[in-house]
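Take a look at the structure below.
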């Protein structure tokens, strides 16, 4: 279970890296669009060409739509590694069954609420009203298509919900890391166990630090799962500690 879970974990982290890239693209385009749609406060003449903010609005909406689907894929990809790795740690715990039970319980119970938080974060963020969106009804007669696009505001996401979702994953990874470090003296590869545990704790803490570190977090998690895979594989050849 641990070997399989860690292999799937590497694949999930690759999805996470792609997710991070799309998220940063969305965040940058969102900021640009909000700025552009608020510029008419200072430069009213910009409203003579509403097709520019309208096209930016469409692009932001498309990016958010893609992020919703990628978040669903990421949520599904994260669940098996967390569940199976927790079970694998139970197998490594030997006489210290409490540690194994905690790891298994945490790994099994966090994927579902994590998925719910992540999906609600990208799908239920609502729209941000801007100066252009508020006055777009006045432009409707002259620019009906653009006004229809602009009137609802700029598509947004709920970063608080996203942070909570990733924080739950971070808590799970920290529990795994602490278990690996605690069990190191009972295993055939104590250095490997300590290294993977330390990386897991670092990755888990960065998930608590905010969305700006996601790409580095998933890269660290990828290395963590690789080391854990080697540890689980080596332990298969040994009797239970």
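The values are calculated or read from the model by the stated rules, or taken from the named source; none is laboratory data. The model shown is predicted, which means the values in this text are computed figures rather than measured ones. Every residue, glycine among them, receives a Cβ derived from its backbone with ideal geometry; neighbour counts consider all protein chains shown.
Those residues that are within 33 Å of the chain's Cα centre (by Cα), surrounded by 15 or more Cβ atoms within 10 Å (Cβ to Cβ) and over 18 Å from residue 64 (Cβ atoms), I need them from the stretch 131-145; list them, please.
If the condition is that a residue be within 33 Å of the chain's Cα centre (by Cα), surrounded by 15 or more Cβ atoms within 10 Å (Cβ to Cβ) and over 18 Å from residue 64 (Cβ atoms), then 131, 132 are the ones that fit.
Suppose we filter 44, 53 for residues that are at pLDDT below 90, within 30 Å of residue 132 (Cβ to Cβ) and buried (at least 18 other Cβ atoms within 10 Å of the Cβ); which single one remains?
That would be 53, the only listed residue that is at pLDDT below 90, within 30 Å of residue 132 (Cβ to Cβ) and buried (at least 18 other Cβ atoms within 10 Å of the Cβ).
Out of 58, 34, which single residue is buried (at least 18 other Cβ atoms within 10 Å of the Cβ), at pLDDT 90 or above, assigned to a helix (DSSP H, G or I) and over 18 Å from the mean Cα position of the chain (by Cα)?
34
Go through (1) touching a residue at least 60 places away in the same chain (Cβ under 8 Å); (2) part of a helix (DSSP H, G or I); (3) buried (at least 16 other Cβ atoms within 10 Å of the Cβ); (4) in contact with a helix residue (DSSP H, G or I) (Cβ under 6 Å, 6 or more places away or on another chain) and name the single condition residue 233 misses.
Checking residue 233 against (1) touching a residue at least 60 places away in the same chain (Cβ under 8 Å); (2) part of a helix (DSSP H, G or I); (3) buried (at least 16 other Cβ atoms within 10 Å of the Cβ); (4) in contact with a helix residue (DSSP H, G or I) (Cβ under 6 Å, 6 or more places away or on another chain), the one that fails is (3).
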